[in-house]
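For reference, the structure discussed in these notes is given below.
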Amino acid sequence: MSDEYDMSFSEDEDLSQKLHPAITLESCSKMPVDPYILIELFDGKWGWYEQMLLSNNGKLRVLCQCGCSATNCDAGSYSTRTREIILSGYQNPTNVILTFLHELAHLKTFDVNPDCQAHGKEWKKEYKTLIKQEMDAKVFPEEHLATIKKILKNPLAQQKYTF
């Protein structure tokens, strides 16, 4: 990752000026996306996730926070063509992080094997590895760990747990 992008920030500076070009925020007509949503959604750990994304040559687009249908995105998606992860800004931090890791697992597995199944063995293994890494780093709130452990047993295409 290039050192030219400073991932630290304070509340009195314009975060939108510090975003890497691979990261975009998309507003709808109802509500502009506040760049500080990245800090809020990623529970203050945005720099770490930005580094994970960029080290894998990925892109990220965060959609509006109002939950309108204009976002056309459930929790998240990944495009193999553009290498772009798309996240809804209408989620809590645990869901955002799990969704980001879910989509990052797609990016990483398709890099290794472009013909792999979207939610097959390779993806499940990568997703579990990413979640365990975050659990070891104590990213998730204690009250969410039991549910996350259930997700680890058999990750699914669509997460059926919300926090």
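The values are calculated or read from the model by the stated rules, or taken from the named source; none is laboratory data. The model shown is predicted, which means the values in this text are computed figures rather than measured ones. Don't worry about glycine lacking a Cβ; one is built from the backbone with ideal geometry, like all the others, and counts go over all protein chains shown.
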TODO: Would you be able to tell me the number of residues in segment 41-76 that are farther than 26 Å from LEU145 by Cβ, at pLDDT 80 or above and out of contact with any helix residue (DSSP H, G or I) (no Cβ under 7 Å at 6 or more places or on another chain)?
DONE: 5
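Just checking, does segment 119-129 include any residue being among the hydrophobic types (A, V, I, L, M, F, W, C), touching a helix residue (DSSP H, G or I) at 6+ places or on another chain (Cβ under 9 Å) and surrounded by 22 or more Cβ atoms within 10 Å (Cβ to Cβ)?
Of the residues in segment 119-129, the ones among the hydrophobic types (A, V, I, L, M, F, W, C) are 123.
Applying the additional criterion that residues be touching a helix residue (DSSP H, G or I) at 6+ places or on another chain (Cβ under 9 Å) yields 123.
Now drop any that are not surrounded by 22 or more Cβ atoms within 10 Å (Cβ to Cβ), which leaves none.
Checked segment 119-129: no residue is among the hydrophobic types (A, V, I, L, M, F, W, C), touching a helix residue (DSSP H, G or I) at 6+ places or on another chain (Cβ under 9 Å) and surrounded by 22 or more Cβ atoms within 10 Å (Cβ to Cβ).
Could you please give the count of residues in segment 77-90 that are part of a loop (DSSP other than H, G, I, E, B) and either at pLDDT below 80 or out of contact with any Pro (no Cβ under 9 Å at 6 or more places or on another chain) (or both)?
Here is the first cut: in segment 77-90, the residues part of a loop (DSSP other than H, G, I, E, B) are 80-83, 88-90.
Restricting the remaining residues to those that are either at pLDDT below 80 or out of contact with any Pro (no Cβ under 9 Å at 6 or more places or on another chain) (or both) gives 81-83, 88-90.
Adding up the residues that qualify gives 6.
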